[in-house]
Amino acid sequence: MQGRGAPEDLRALLGMPALAADTTQVLDLDDIHRPRTALKAAMELAARAWGAERTWFLINGSSCGNLAMILATVGPGQEILVPRAAHRSVHGALVLSGARPVYLESPLDDEMDVHNPVEPEALARALEAHPQARAVFFTSVTPYGVAAAVEDLVALGRERDLPVLVDEAWGPHLVFHPDLPTSALTVGADLVVHSAHKLLSALSQASLMHQSGHRVDPARVELVLRMLQSTSPNCLLVASLDSARRQVALQGTRDWQYALDLAGAAREALARVPGVRSLGTDRCARYDRTRLVVSALELGYTGVDLERHLRDHEAIQVEMSDLRNIVVLVTPAHQSQDLERLVGALARLPRREGPARIPSLAETFPIPEQAMTPREAFYGSTCVIPIGQAPGRICAEFLTPYPPGIPLLCPGEVFCAAHVDHLNRALAAGIPWEGPADPTLQTVRVVVDPL
């Protein structure tokens, strides 16, 4: 209707220009599934900006891109090498594709207790042990700003002539400044996904998928995208992708230098605040220095507590939190006073009695025993049991703290007592969970037959 007949409150919220642009794919606006004119030109400009051979606009977020990369390259029973500490959309793709995951360990940052990307040595061992694997998947950059050794990881995949798929959702800006980590796209990864809405100016859900090389058939990618993406794409999302592309192509180096300077000054100031720790290049050689990962556990605050305190008492909203940390994105849209407010708020934190103990990821996130493929467990016969009876049973649903969206357990994996303990502690701390049929997690869905 392009805003005609819209209620007054919606017109006041969005404005008539935005509503008027909410139109269907009339001929001159092109079709996201069969781009021929304006949209084709916009995608070609995006490919040129990021140095790709081909780029697709995504309107269902980078989750759609992760699904598409896996569905386009592996099928039922075929092996794919993938980090266990991957976004839940990756694990969802394993259910839909029927592929058999060969999980890769992700090392931990011991102090901040966050997962770092897969290391080349782990991938090399897996490739040697699984010569029949059909694709390699890894994440770079993590939600916490740590980048993978993309040159070495991509080279290992290419030595075996395997498609290399990269979830680079948190790194759409990397190619636009030399002081940011290397993008997997620039070293020959076959398919790379970017969230243009995370750190660029595109609207939420607006993402990009890029292709280089010959190992993945682009016609198959497009076939998969036609199944995954809406046949009624929102033109505002599509337009925001083109606008964000133009902005970062024209002024990306200058803008991200500004963001790097802001974040650097904030990190130096945080280092002088007693009881506050931040992740940085002292422990991570490949680190996106526009990211601030901050912990105030010494002052008695879990990451969730700290996020709530900053929002409720300082009117500061951070990107995400976990049991130990908050994550702050510093972008060209911020000003120096924004970071000064954050540092001041953290310096004013009153010390308080914190939790007696927070379990480490090392205790709860060794790769769980995999008794079935994700697809077999998801579509198998299941039942619901009390959470206390779960140890020893095969999980049949996703149990995912969100953010950051890395499942504690996936379908096909075996519960142990540490998982139940972590669930209870995380619930008590206020961590939100996605995936379980019972949002209270008093019960869980498991495969009928016990081990």
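Read-outs throughout are calculated quantities, based only on the coordinates presented, and are distinct from any laboratory measurement. For clarity, every value in this text was computed on a predicted model and none was experimentally measured. A quick note on method: Cβ atoms are made from the backbone with ideal geometry, for glycine too, and the neighbour counts reach across all protein chains shown.
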**Request:** Return the percentage of antiparallel bridges among DSSP beta bridges fully within the stretch 8-248, rounded to the nearest 5 %.
**Result:** 45 percent
**Asked** Using the alpha carbon gyration tensor of the stretch 361-447, what are the three equivalent-ellipsoid semi-axes (square root of 5 times each eigenvalue), largest first, in whole Å?
**Response** 18, 14, 12
**Request:** Please name which of Val414, Cys395, Ser230 has its Cα lying farthest along the dipole of the chain towards the positive end, using unit charges on Cβ (Lys, Arg +1; Asp, Glu -1) and the Cα centre as origin.
**Result:** Ser230
**Prompt:** What number, rounded to the nearest 500 deg cm²/dmol, is the helix-based mean residue ellipticity at 222 nm of the chain, given -39500 (n - 2.57) per DSSP H run of at least four residues and division by all its residues?
**Reply:** -11000 deg cm²/dmol
**Per-peptide average of other Cβ atoms within 10 Å, ordering 197-204, 331-338 highest first** = 197-204, 331-338
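Report relative contact order for the chain in percent, whole number only (criteria: Cα-Cα under 8 Å, sequence separation at least 6).
Relative contact order comes out at 14 percent.
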**Message:** Could you check the spin-label model distance between Leu10 and Gln317? Points 7 Å from the Cα along Cα→Cβ, value in nm.
**Reply:** 2.2 nm
**Asked** Based on the mean of other beta carbon atoms within 10 Å per residue, what is the order of 121-134, 309-322, most packed first?
**Response** 309-322, 121-134
**Request:** Return an integer: the convex hull volume of the alpha-carbon atoms of the chain, in Å³ per residue.
**Result:** 155 Å³
**Asked** Counting DSSP beta bridges in the chain, what percent are antiparallel, to the nearest 5?
**Response** 70 percent
